[in-house]
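Before any comments, here is the structure.
The values are calculated or read from the model by the stated rules, or taken from the named source; none is laboratory data. Just so it is clear, the model here is predicted, and its values are computed rather than measured. Cβ coordinates were reconstructed from backbone atoms using ideal geometry, including for glycine residues, and neighbour counts include every protein chain displayed.
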Amino acid sequence: MTSLPAFPSGRRLGLVIDLDICVGCHACAVHCKEWNTGGHPAPLTDRDAYGPDPVGVWLNRIHTFEADEGEDVRTIHFPKSCLHCENADCVTVCPTGASYKREQDGIVLVNEDWCIGCKLCSWACPYGAREFDETEGVMKKCTLCIDRIYNENMQEVDRLPSCVVTCPAGARHFGDLGDPRSAVSQLVAARGGFDLMPELGYKPTNKYLPPRPRKTRARDIGAPRRLVPAGNAERLLAKWMDRIFTR
Amino acid sequence: MHPAYSVIFFTTTSGAGLGLLTLLGFLSAAGALPAHFGFGIAAFAIALGLLTFGLLSSTFHLGHPERAWRALTQWRSSWLAREGVFAVLVYPAVALFAFGWLAVGSNYGPWAVVGLLVAGLSMLTVVCTAMIYASLKTIHQWHNIWTPPAYITLSVMSGGVWLNALVEVFGLSNPYIAGWVAASIAGAWIARLFYWRFVDDTEAISTPETATGLRVYGKVRAVEGPHTVDSYLNREMGYTAARRHAARLRRVVHLAAFAVPLLLTMASVLWSNSWLAIATSLIVAPVASLGLLVERWLFFAEAKHTVNLYYGAEAA
């Protein structure tokens, strides 16, 4: 059924992405591709993978933005995958029933045996979360690693989405955003987490945490208030090192 | 949005077929069309041919055309499924209408009710087609009140120019039919003008700042994409016609789809039932159809999807 769940359980599994911490290393995207090309939506095919014009399915992509100009410019790395929206238009536009939103946890999935590959769901997604698999002729999307988070053959510590377990900076968090007492909900509340394109009314489950205010005063980062000029000994040492390394 | 040829051909040809069926049903009920056997054969063949060609071509862009029947199941939520259901329902209604017209020799009285049913189902199919686009909140140029009126009037108009050619060829023309066809062209032109005014004068509410939520830090611009080459998203959603190019094509549409067909259809009333009227109506139909193909190409090429805001677009 491509209608949204009439009686959602209240559980809303999703991700919280910390834009203050993300370093833009793309490890989450790589692990996502690696896991999912053998997981639930397998395979994630590529074409001309080693040629001049490669194209392939990725369920997680990392953008880099700059905000403001001049001295105040900020670089923000911005990972983006399916946001498992509450009002998921990608589900309701599906003519076949292949797209669905799970009642028990709000995860949005594609039944690849029913998908006709009309691509309308990818048009209905404002975030570009769905990608068409040209080779298989069906739509692919983030499953929130449904084959990991409920996988009883894995150790409990690994029952997290690939992107979350692999992030070396700890910029990604996974949990139940429908429960206000959950760790992720409290993190969102504490840091002022926000929705992407709230004006469209999709009510995404995934939340983004804003970069923290920039520290502009020396004492905020533990630096001395004034720099002391180098003494003679240091200057001689520097001169000598300079001579060695410029040779 | 990428203007896929299969979708352009589907929406224009099935639109013309459904428009022709609508006018056949409507004008029969109005008593303006005699149940002429040869004309009936030709009209039904052309209308069903256009509709069927369109529906088949719409399956060419599917990844799994063999599963297309599944697209009829989710009519409760999906405009695409509703369109499929109504398009399928058109066929038995037309079969009954054609039976009355060709076998019984009547398109009036009780058969006119069937004709009106054909017209109603045809228009509902076109409304569903329009709503597929108009319901997408992601595309400002489609998600507005001008998309459905434009689709409906363009469908009736494109069927109308072919109907006019047919009635002239079979010597059945009357000013009433030509008048309705001219009115449908004028209506479509007006609907398109309002649509283009909306597209030119308004902008999507989403911006790079709302897409990233980073407005508090200042103006947002994309400096690096996720990949060094284009992905499915860029190829499917990233296509935009150059502004100068689009302006030139709009002039083609004004001329070929609206101005020439309107003038010549009105003129053909003056010299009706002459070889000149046959010639002009036979020129108008293909010229208008070509103009509408360009119009439909522009409908896609001028549509800007919000996903482009993540890839460097400053507005959607």
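Flag: A:G106 matches the condition of being under 30 Å from A:A190 (Cα atoms) and at pLDDT 95 or above.
Residues in segment B:238-263 that are modelled with pLDDT under 95 and either in contact with an Asp or Glu (Cβ under 7 Å, 6 or more places away or on another chain) or surrounded by 15 or more Cβ atoms within 10 Å (Cβ to Cβ) (or both): B:G238, B:Y239, B:T240, B:A241, B:A246. Determine which member of the set B:S173, B:S106 is surrounded by fewer than 17 Cβ atoms within 10 Å (Cβ to Cβ), part of a loop (DSSP other than H, G, I, E, B), more than 23 Å from the chain's Cα centre (by Cα) and away from chain A (no Cβ under 14 Å). Result of the check over B:S173, B:S106: B:S106.
Only one entry in B:G84, B:G159 is within 22 Å of B:T13 (Cβ to Cβ), free of Cβ contacts under 8 Å to residues at least 24 places away in the same chain and not charged (D, E, K, R), namely B:G84. Evaluation of A:G170 against the conditions (1) over 19 Å from the mean Cα position of the chain (by Cα); (2) loosely packed, with under 13 Cβ neighbours inside 10 Å; (3) on the phi > 0 side of the Ramachandran plot shows that the sole unmet condition is (1). Has segment A:135-147 got at least one residue that is of a type in the set (G, A, S) and within 7 Å of chain B (Cβ to nearest Cβ)? Yes, that holds for at least one residue. Taken over segment B:37-85, residues that are in contact with a Phe, Trp or Tyr (Cβ under 8 Å, 6 or more places away or on another chain), closer than 20 Å to B:G120 by Cβ and aromatic (F, W, Y) amount to 1. Criterion applied to B:G120, B:G187, B:G179 was being part of a helix (DSSP H, G or I) and farther than 22 Å from B:T12 by Cα, and the one residue passing it is B:G179. Looking only at segment B:257-316, filter to residues that are within 17 Å of the chain's Cα centre (by Cα) and within 14 Å of chain A (Cβ to nearest Cβ); which one of those is farthest from B:A183 (Cα to Cα)? Of everything passing the filter in segment B:257-316, B:A303 is farthest from B:A183 (Cα to Cα).
When the residues of segment B:128-156 are filtered to those that are within 14 Å of chain A (Cβ to nearest Cβ), buried (at least 22 other Cβ atoms within 10 Å of the Cβ) and touching a Leu at 6+ places or on another chain (Cβ under 9 Å), the one that is farthest from B:R197 (Cα to Cα) is B:C128. Of all the residues in segment B:218-251, those that are within 13 Å of another protein chain (Cβ to nearest Cβ) and in contact with a helix residue (DSSP H, G or I) (Cβ under 8 Å, 6 or more places away or on another chain) number 14. Just one residue in the set A:A183, A:A230 is touching a helix residue (DSSP H, G or I) at 6+ places or on another chain (Cβ under 8 Å) and of a type in the set (A, V, I, L, M, F, W, C); that residue is A:A230. Pull up segment A:90-118, narrow it to residues that are surrounded by fewer than 24 Cβ atoms within 10 Å (Cβ to Cβ) and within 9 Å of chain B (Cβ to nearest Cβ), then point me to the one that is nearest to A:S162 (Cα to Cα). Across segment A:90-118, the extreme among qualifying residues is A:D113.
Would you pick out the residues in segment A:202-247 that are part of a loop (DSSP other than H, G, I, E, B) and either closer than 30 Å to A:T143 by Cβ or at pLDDT 90 or above (or both)?
Across segment A:202-247, the qualifying residues are A:Y202, A:K203, A:P204, A:T205, A:N206, A:P210, A:P211, A:R212.
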